[in-house]
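Enquirer: Handing you this structure, nothing more for now.
The values are calculated or read from the model by the stated rules, or taken from the named source; none is laboratory data. Please read all numbers here as calculations on a predicted model, not as lab measurements. Glycine gets a Cβ as well: all are built from the backbone with ideal geometry, and neighbour counts include every protein chain shown. These area figures cover heavy atoms from the full protein model, side chains too; ligands, DNA and RNA do not enter into them. Shrake-Rupley method; radii C 1.70, N 1.55, O 1.52, S 1.80 Å.
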Amino acid sequence: MRRTHLGAWALGLVLAASPALAPQTLARAHDAIASRSDAATLLVDWQASGPVDVYLATRPDAPLANARPVARAVRSGHAKVRAAATPRPYVLLRDRSDGRVTTVAERMLPLAQGSNFRDLGGYPAADGKTVRWGLIYRSGATPLLSPADIAMVRGLGLTTMVDLRSDEERRLAPTRLADQIHQDAVPYSMMALFAGNHGKVTGNGGALYRQFPTLLAPQVRLVFDRLKAHDGPIEYNCSAGQDRTGFMTALILSALGTPRAVILQDYDLSTALRRPEWEMPRIDAATAASDPVARLFAGYQANPAMARPQPLHDPDGRTFLASALDEIDTRYGSVEGYLDKVAGVSAADIAALRKAYTE
């Protein structure tokens, strides 16, 4: 079975929102696509030269003997699979020509009141391998999850959630998962994150991202310490799940050997997959008057344009994330060099991470 497609939720939505992500670009790096057509149905597409058997499992590492057969000897490269979102479904595709099994799942969890919660599984990694499904998740904030959403996330078996948000953000929008999953965070002020250029507040963009390698170094150490522990599935998040989370994702995927072009494609998915209305509760006037960070988010909520996710590019078309990665390359030579010097992630650690999180 050839590796062909991007596993992304609502692929049509992604393509409509990001015309630059043409199908042929997506097709070069990934095995299959699983997208949800409704609450009870997954649509799975793949490419193979011969017949494929389709199975359904509730674990990404399930052996075929423990999976439920869905269809036999499918030649069309397409299957409709009856599968609710909970427990999280994984589709196993067995190529009859060589017996190879490919696992695919929805990239984004279909949360009713969540934002940008997605799995890093399926991306290409070092040595021709792929990132394992069901082990590393990235997300926006989770202060408004529904009871069904909480049950869905709890079913992932997460051992740790690392909150990349500031003290103010965590106070304004506490996660609804605090009683369900162990939480980790590095204390810091949002104003310290945005204060640059001799105290002048810097808006989002490449200039801010160039500060991430330094400003977020403690969070990088924390996330990689948790990954190195190999204790089970991990999630990390900021408010929108795109900026701080996008930077952290780029470091993780780089460490696992994912090509930079694919990393930037994953980063761009946030424009389509964010749900800003579920990232922060409504902020009242009194809170906004007494708290500069609350005032910042209240301004976003009052601005109709900010209700729609904004493209993550500077006016020249360059992605914000590319600026952060350029800063790392310039100062440290590579992401691996940065991780070694800043986060204590050695070459041996990189090898162990690839063994644990790719297949």
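Enquirer: Considering only residues that are among the charged types (D, E, K, R), within 17 Å of Ala324 (Cβ to Cβ) and touching a Lys or Arg at 6+ places or on another chain (Cβ under 9 Å), which ones fall in region 218-276?
Expert: The answer is Arg244, Asp266.
Enquirer: Go over the candidates Leu144, Leu109, Leu158, Leu120 one by one and state the one that is more than 18 Å from the chain's Cα centre (by Cα), at pLDDT 95 or above and of a type in the set (A, V, I, L, M, F, W, C). Give the steps one after another, and end with the answer.
Expert: On the way: Leu109 fails: more than 18 Å from the chain's Cα centre (by Cα); Leu158 fails: more than 18 Å from the chain's Cα centre (by Cα); Leu120 fails: more than 18 Å from the chain's Cα centre (by Cα).
That would be Leu144, the only listed residue that is more than 18 Å from the chain's Cα centre (by Cα), at pLDDT 95 or above and of a type in the set (A, V, I, L, M, F, W, C).
Enquirer: Right, something else. Any chance you could count how many residues in region 123-159 are surrounded by fewer than 21 Cβ atoms within 10 Å (Cβ to Cβ), among the β-branched types (Val, Ile, Thr) and in contact with a strand residue (DSSP E or B) (Cβ under 7 Å, 6 or more places away or on another chain)?
Expert: The qualifying residues number 1.
Enquirer: Separate question: Just need a number here: residues in region 96-110 that are over 21 Å from Ser139 (Cα atoms) and either open to solvent by 10 Å² or more (accessible area, probe 1.4 Å) or in contact with a Pro (Cβ under 8 Å, 6 or more places away or on another chain) (or both). Before you say what the answer is, go through the steps one by one.
Expert: Here is the first cut: in region 96-110, the ones over 21 Å from Ser139 (Cα atoms) are 96-103.
Next, only the ones that are either open to solvent by 10 Å² or more (accessible area, probe 1.4 Å) or in contact with a Pro (Cβ under 8 Å, 6 or more places away or on another chain) (or both) stay: 96-101, 103.
Selection size over region 96-110: 7.
Enquirer: Could you count how many residues in region 142-169 are closer than 22 Å to Leu222 by Cβ and in contact (Cβ under 8 Å) with a residue 40 or more places away in the chain?
Expert: Total meeting the criteria: 16.
Enquirer: Another question, if that's okay. Tell me, yes or no, whether region 252-264 has at least one residue that is surrounded by fewer than 14 Cβ atoms within 10 Å (Cβ to Cβ), closer than 30 Å to Gly134 by Cα and within 24 Å of the chain's Cα centre (by Cα).
Expert: First pass over region 252-264, keeping only residues surrounded by fewer than 14 Cβ atoms within 10 Å (Cβ to Cβ): 261.
Then keep just the ones that are closer than 30 Å to Gly134 by Cα; that gives 261.
When the remaining residues are screened for being within 24 Å of the chain's Cα centre (by Cα), the result is 261.
Yes: region 252-264 contains one or more residues that are surrounded by fewer than 14 Cβ atoms within 10 Å (Cβ to Cβ), closer than 30 Å to Gly134 by Cα and within 24 Å of the chain's Cα centre (by Cα).
Enquirer: Follow-up. Being open to solvent by 70 Å² or more (accessible area, probe 1.4 Å) and within 23 Å of the chain's Cα centre (by Cα) is the filter here, so list the residues in region 40-69 that pass it.
Expert: Once the filter is applied, which keeps residues that are open to solvent by 70 Å² or more (accessible area, probe 1.4 Å) and within 23 Å of the chain's Cα centre (by Cα), region 40-69 yields Thr58, Arg59, Asp61.
Enquirer: Name the residues in region 312-344 that are surrounded by 18 or more Cβ atoms within 10 Å (Cβ to Cβ), over 21 Å from the mean Cα position of the chain (by Cα) and not in a helix (DSSP H, G or I), would you?
Expert: Matches in region 312-344: none.
Enquirer: Taking interchain pairs and intrachain pairs at least six residues apart, which have beta carbon atoms under 6 angstrom, with the first residue in region 274-299 and within 19 Å of Leu145 (Cα to Cα) and the second open to solvent by less than 40 Å² (accessible area, probe 1.4 Å) and in a helix (DSSP H, G or I)?
Expert: Met280/Phe297; Ile283/Ala294; Ile283/Phe297; Ile283/Ala298
Enquirer: Let me confirm something: among Leu227, Leu208, Leu222, which residue is buried (at least 18 other Cβ atoms within 10 Å of the Cβ), at negative phi and at pLDDT below 95?
Expert: When all the criteria are applied, what remains is Leu208.
Enquirer: What do you reckon, is Ala294 assigned to a helix (DSSP H, G or I) and surrounded by fewer than 17 Cβ atoms within 10 Å (Cβ to Cβ)?
Expert: Values: assigned to a helix (DSSP H, G or I): yes; surrounded by fewer than 17 Cβ atoms within 10 Å (Cβ to Cβ): no.
Judged against the criteria, Ala294 is not a match.
Enquirer: Which condition number does Tyr267 fail, the rest of (1) open to solvent by less than 40 Å² (accessible area, probe 1.4 Å); (2) more than 17 Å from Gly206 (Cα to Cα); (3) at pLDDT 95 or above being met?
Expert: (2)
Enquirer: For region 264-286, give me each residue that is farther than 16 Å from Phe117 by Cα and part of a loop (DSSP other than H, G, I, E, B).
Expert: Scanning region 264-286 gives Pro281, Arg282, Ile283, Asp284.
Enquirer: Here's something else I'd like to know. Residue check, Asp329 against (1) touching a residue at least 40 places away in the same chain (Cβ under 8 Å); (2) under 29 Å from Phe224 (Cβ atoms), all met but one. Which one?
Expert: Failed condition: (1).
Enquirer: Hey, can you tell me all the residues within region 207-236 that are of a type in the set (Ser, Thr, Tyr), outside any strand (DSSP E or B) and out of contact with any Phe, Trp or Tyr (no Cβ under 6 Å at 6 or more places or on another chain)?
Expert: Thr214
Enquirer: Count, please, the residues in region 160-180 that happen to be crowded, with 19+ Cβ neighbours inside 10 Å and assigned to a loop (DSSP other than H, G, I, E, B).
Expert: Counting residues in region 160-180 that are crowded, with 19+ Cβ neighbours inside 10 Å and assigned to a loop (DSSP other than H, G, I, E, B) gives 7.
Enquirer: Within region 307-337, how many residues are at pLDDT below 95 and touching a Pro at 6+ places or on another chain (Cβ under 8 Å)?
Expert: The number of residues fulfilling the criteria is 3.
Enquirer: Could you please find all residues in region 300-309 being surrounded by fewer than 15 Cβ atoms within 10 Å (Cβ to Cβ), outside any helix (DSSP H, G or I) and in contact (Cβ under 8 Å) with a residue 12 or more places away in the chain?
Expert: The answer is Arg308, and nothing else.
Enquirer: Among (1) of a type outside the set (D, E, K, R); (2) surrounded by fewer than 18 Cβ atoms within 10 Å (Cβ to Cβ); (3) in a loop (DSSP other than H, G, I, E, B), which single condition is Ser239 missing?
Expert: Just one mismatch for Ser239, condition (2).
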